[in-house]
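Worksheet for the structure shown next.
The values are calculated or read from the model by the stated rules, or taken from the named source; none is laboratory data. These numbers were taken from a predicted model, which means no experiment stands behind them. Cβ atoms come from the backbone with ideal geometry, glycine included; neighbour counts cover every protein chain shown. These area figures cover heavy atoms from the full protein model, side chains too; ligands, DNA and RNA do not enter into them. Shrake-Rupley method; radii C 1.70, N 1.55, O 1.52, S 1.80 Å.
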Amino acid sequence: MEWFVNIVSGLCLVIGSLFAVIGGLGVLRLPDFYTRMHGAGITDTMGAGLILVGLMFQGGFSLVTVKLLMILCVLLTTSPTASHALAKSALHFGLEPRVVEKEAGS
Amino acid sequence: MFVTAVAAIIVTMSLALLRATLGPTVFDRILALNVFGTKTVLLIAVMGFLTGRPDFLDLALLYALLNFIGVIAVLRFSKYGHFADPELGR
Amino acid sequence: MIQAIDILVLALLACTAVSVVRMRSLWAAVMLTGIYSFLGAGWMLVLDAPDVAFTEASVGAGIATILMLSTLALTSTEMKRPAASPVFPLLIVGVTGAALCYGTLDMPHFGDPNSPIHQHVAPEYLKDAVPTVHQKELKVGIGNIVTTVLASYRGYDTLGETVVIFTAGLGVLLLLQGPRKAGGSDGREEGAP
Amino acid sequence: MKHSLALGTTLFGVWLLWSGHYTPLLIGCGLVSCLLVVLLSRRMEILDEETAPVHLGLRPFIYYAPWLVKEIVLANIDVAWRILQPRMPIQPTIVRVKASQQGEIGRVIFANSITLTPGTVSIDMEGDIITVHALTREAAEFEESGEMDRRVTKLEVPD
């Protein structure tokens with residue numbers, strides 16, 4: 001049982017690290033500010049989420065796991081709020097997003 | 001595997017740092033700061049497990065809150081503090 | 001392994017410091033200072049000093065960033081080119097740095113149990129803060145050793161420090177708020193766009 | 001009263017889980033500070049459905065969260081794959097989505113879910129129209145299909 005938990009948590013940690021790095025690459029490579037936000041989104045959801053879940057498996061049934069769960073909850077609720085506030089103030093500041101076609105819908 | 005996670009987090013930190021240095025607009029830099037803050041939280045959590053004493057998770061949570069409040073404060077500031085910004089050139 | 005992480009984090013710190021210095025745009029420099037504080041706090045934590053790390057994060061990344069931003073709003077956001085030549089300041093900085101490096105040679109190794117700091121008062125503090133088998137009741141009655149030292153042994157000292165910092169903060173706030181009142185609107189009413 | 005009770009219980013539960021010290025004195029301190037927070041928020045009159053959304057109950061966690069996690073994972077893999085390709089096949093698009101939720105909290109959940117899914121970020125909100133920046137055309141089409149909107153709206157209406 002022990003090795004199984006270890007393998008699962010190791011997988012979570014490694015995949016999470018992979019996604020974190022990919023998100024960082026996205027923040028660096030994507031062409032303009034609004035697209036870079038999507039890269040940051042990857043690190044915040046999949047990267048942070050999987051790494052914290054991997055740590056939770058290591059923590060077992062203890063207060064440590066509860067704390068990790070709370071950190072995850074806080075990250076998942078605050079990061080979209082901060083992103084939205086950032087994007088909104090960029091938009092109102094006059095930073096135009098680059099799009100392939102204006103007003104695809106509506 | 002903790003080592004992998006720490007290495008990945010530090011690599012992501014350097015990428016965010018690069019973006020903060022290059023970032024043509026103010027908002028790119030704030031975004032990089034936000035990513036950096038999240039990575040610090042993760043680094044603290046993983047470091048706790050790597051050294052075998054996961055007692056500092058309270059600090060990680062406080063950093064997460066601080067990061068959020070910091071970003072919101074900076075944004076409030078960039079909204080109300082009127083500066084003629086030379087950086088908006090894309 | 002921990003040492004490799006130390007070195008990596010320190011290298012990142014150095015990179016951040018260099019880019020802060022090279023930045024012409026002060027806005028960017030402030031953001032990078034925030035990043036520097038986060039890194040510094042992380043590194044303190046790696047070195048097992050969570051209290052210092054927490055102070056660094058809240059003061060460095062939180063309050064200092066906001067104070068610098070509010071200063072920027074009152075002045076210019078672009079750095080002027082320095083008028084004097086940078087050779088003399090560089091010399092001073094180089095000499096000071098070398099002296100500091102020379103000074104570290106005399107310091108005991110990090111975590112050395114035989115260093116004076118671990119021989120002098122630390123055992124006394126530890127005896128009062130950590131319950132042992134022989135001594136269930138604590139002398140001070142506070143479970144955390146840092147709190148014991150700060151709030152009990154050095155209580156007046158801490159009170160004085162807090163008062164000084166509070167006064168300084170008040171002063172800075174008053175200074176920063178002065179001119180904005182004169183401008184008429186302080187922007188509080190423009191909540192909803 | 002319902003809101004005060006919900007907030008107080010949550011605060012005290014969180015306090016218990018985080019403190020790790022269970023002596024009568026410390027638990028008493030925690031209880032007093034929780035009560036103080038509840039009293040202060042009552043006095044500030046910020047205690048309403050927004051700060052303590054009791055009317056939603058546990059439905060968001062049971063019906064909505066699993067679906068959202070699935071969507072987030074799928075979107076993550078898609079966006080990560082696009083970032084990794086050398087040419088980065090992205091088509092940044094802006095669409096406007098109508099939020100059909102009644103309450104503020106429902107709209108907040110909807111807008112935050114959009115942002116939480118990589119590939120779409122809600123960048124503006126006026127009334128019930130949310131402006132969404134999408135990384136790819138498929139992501140934009142998914143938002144326009146309104147599935148997420150319907151699921152969030154279902155949370156608000158008690159069965």
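Both radii were evaluated on the Cα set of the stretch D:2-43; the Rg over Rh quotient, with Rh as the Kirkwood radius, amounts to 0.99.
What is the ratio of the Cα radius of gyration of the stretch C:1-78 to 2.2 N^0.38 Å, with N the residue count, to two decimals? Before the final figure, lay out each step's value.
On the way: Rg = 13.7 Å, N = 78, 2.2 N^0.38 = 11.5 Å.
My calculation over the Cα atoms of the stretch C:1-78 gives 1.19.
Taking B:Thr40, B:Thr51, B:Thr25 in turn, the Gaussian network model of chain B (Cα-Cα springs below 10 Å) assigns the largest fluctuation to B:Thr51.
Please give me the summed charge of the neighbours of D:His3: other residues whose Cβ is under 12 Å from its Cβ, Lys and Arg +1, Asp and Glu -1.
On the way: positive: D:Lys2, D:Arg42; negative: D:Glu45, D:Asp48, D:Glu49, D:Glu50.
Net of charged neighbours comes to -2.
Debye calculation, C-alpha points only, no solvent: report log10 I(q)/I(0) for the stretch D:19-111 at q = 0.15, 0.16, 0.18 Å⁻¹, in the same order as the q values. Treating every Cα as an identical point scatterer, log10 I(q)/I(0) equals -0.90, -0.94, -1.02. Taking the Cα centroid of the stretch D:120-144 and of the stretch A:40-106, what is the distance between the two, rounded to the nearest whole Å? Here the answer is 16 Å between Cα centres.
Across the stretch D:88-104, rounded Karplus estimates of 3J(HN,Hα) from the backbone phi angles (6.51 cos²θ - 1.76 cosθ + 1.60, θ = phi - 60°) give 6, x, 10, 10, x, 9, 10, 10, 10, 10, 8, 9, 9, 6, 7, x, 5 Hz, Gly and Pro being marked x.
As a calculated quantity, the FRET efficiency between D:His55 and D:Glu138 at R0 = 45 Å, using C-beta atoms, amounts to about 0.85.
The label-point distance for D:Lys2 and A:Trp3, in a model that sets each label 7 Å from Cα toward Cβ, rounds to 5.4 nm. Summing Lys and Arg as +1 and Asp and Glu as -1 over all other residues whose Cβ lies under 10 Å from the Cβ of B:Val35 gives a net charge of +2. Rounded to the nearest 100 Å², what's the accessible area chains A and D bury against each other, both chains counted, probe 1.4 Å? Chains A and D together bury approximately 3300 Å². Volume per residue of the convex hull around the Cα atoms, evaluated for the stretch B:2-81, comes out as 65 Å³.
For D:Arg96 and C:Ala83, the FRET efficiency from 1/(1 + (r/R0)^6), where r spans their Cβ atoms and R0 equals 45 Å, is about 0.30.
Using the heavy atoms of the protein chains alone and a 1.4 angstrom probe, what is the accessible area of the stretch C:1-64 per residue in square angstrom?
Details: 2740 Å² over 64 residues.
For the stretch C:1-64, the solvent-accessible area averages 43 Å² per residue.
Number of Lys-Lys pairs in the protein assembly as shown with C-alpha atoms under 24 Å apart and a separation of 8 or more places or on different chains: 15. For the protein assembly as shown, the spread of Cα positions along the three principal axes, ordered from largest to smallest, is 74, 65, 57 Å. Taking each residue as 0.36 nm, the span from D:Arg43 to D:Trp67 lengthens on full extension beyond its C-alpha to C-alpha distance by 4.8 nm.
Placing pseudo-labels 7 Å out from each Cα toward the beta carbon at C:Leu90 and C:Ser25 gives an inter-label distance of 2.7 nm.
A straight chain from C:Tyr102 to C:Phe166 at 0.36 nm per residue would run longer than the Cα-Cα distance by 19.4 nm. Please identify, among B:Ile72, B:Ile44, B:Ile30, the residue showing maximal mean-square fluctuation in a Gaussian network model of chain B using a 10 angstrom Cα cutoff. Ranking B:Ile72, B:Ile44, B:Ile30 by mean-square fluctuation puts B:Ile72 first.
In plain terms, the chain from C:Ala4 to C:Asp48 could stretch by 14.3 nm, reckoned as 0.36 nm per residue minus the Cα-Cα distance.
Give the carbon-plus-sulfur fraction of the accessible surface of the stretch C:1-78 in %, rounded to a whole number; probe 1.4 Å, heavy atoms of protein chains only.
Numbers: 2460 of 3370 Å².
Ligands and nucleic acids excluded, carbon and sulfur reach 73 percent.
Could you tell me the total accessible area buried at the C-B interface, probe 1.4 Å, in square angstrom to the nearest hundred?
Details: alone 14900 and 6630 Å², together 18110 Å².
Between C and B, the summed buried area is about 3400 Å².
Each part gets one Cα centre, and for the stretch C:56-83 versus the stretch D:37-70 those centres are 37 Å apart.
Buried surface between chains B and A: roughly 3700 Å² of accessible area, summed over both sides, computed with a 1.4 Å probe on protein heavy atoms only. Each residue, A:Glu96 and C:Val59, gets one label point 7 Å from its Cα in the Cβ direction; the gap between the two is 4.7 nm.
Per residue, how much accessible area does the stretch D:14-146 show when a 1.4 Å probe rolls over the protein heavy atoms, in square angstrom?
Numbers: 7200 Å² over 133 residues.
Normalised by residue count, the accessible surface of the stretch D:14-146 is 54 Å².
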